[in-house]
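Worksheet for the structure shown next.
Nothing in this text is a laboratory measurement; each read-out follows from the coordinates by a stated rule. Just so you know, these numbers come straight off a predicted model, no measurement behind them. Note: ideal-geometry Cβ built from the backbone for every residue, glycine included; neighbour counts use all protein chains shown.
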Amino acid sequence: MANRRNTTLATGKTIIIIVNSIGRENKVMLEKQIQAAILKHLKKTYPGAVVYKLTEETNCGIPDVLFIWAGRTIFFEVKRTGGSIKPLQTHVIKRINDNGGEAVIVYSVADVEKFIKSY
């Protein structure tokens, strides 16, 4: 059985450490690490696609990643396991979907691939 504990990094970020039953630590990825992995995967797997990391300075509540490929425009809101979505993010995702775009919450590269292939 795994035990959880919080650890604060030198950067001030807090991460969750999961210690399994034999004492090995498995670090839960930070949201920005998941975003970086998703961006790298999309750029490598879909050459020629438009892939951008969006920032909240552009517009509050906007999803983290914009992906345009094969006639599709998809926004990915990236969360770490156990992360919560803010009401404004939910509102923006709903507006994107209501206006014909595609916006989804993902927790991993596998979630991204599953969504892209589901079309």
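Just to be sure I understand, how many residues within the stretch 67-88 are touching a strand residue (DSSP E or B) at 6+ places or on another chain (Cβ under 8 Å) and buried (at least 16 other Cβ atoms within 10 Å of the Cβ)? Spell out how you get there, then give the answer.
Pass one, the stretch 67-88, residues touching a strand residue (DSSP E or B) at 6+ places or on another chain (Cβ under 8 Å): 67-69, 72-79, 82, 85.
If we keep only those that are buried (at least 16 other Cβ atoms within 10 Å of the Cβ) too, we end up with 67, 69, 74-79.
Adding up the residues that qualify gives 8.
Has the stretch 64-87 got at least one residue that is in a helix (DSSP H, G or I) and without any contact (Cβ under 8 Å) to a residue 12 or more places away in the chain? First the steps, then the outcome.
Residues of the stretch 64-87 in a helix (DSSP H, G or I): 87.
Of the ones still in play, those that are also without any contact (Cβ under 8 Å) to a residue 12 or more places away in the chain are 87.
Yes, the stretch 64-87 contains at least one residue that is in a helix (DSSP H, G or I) and without any contact (Cβ under 8 Å) to a residue 12 or more places away in the chain.
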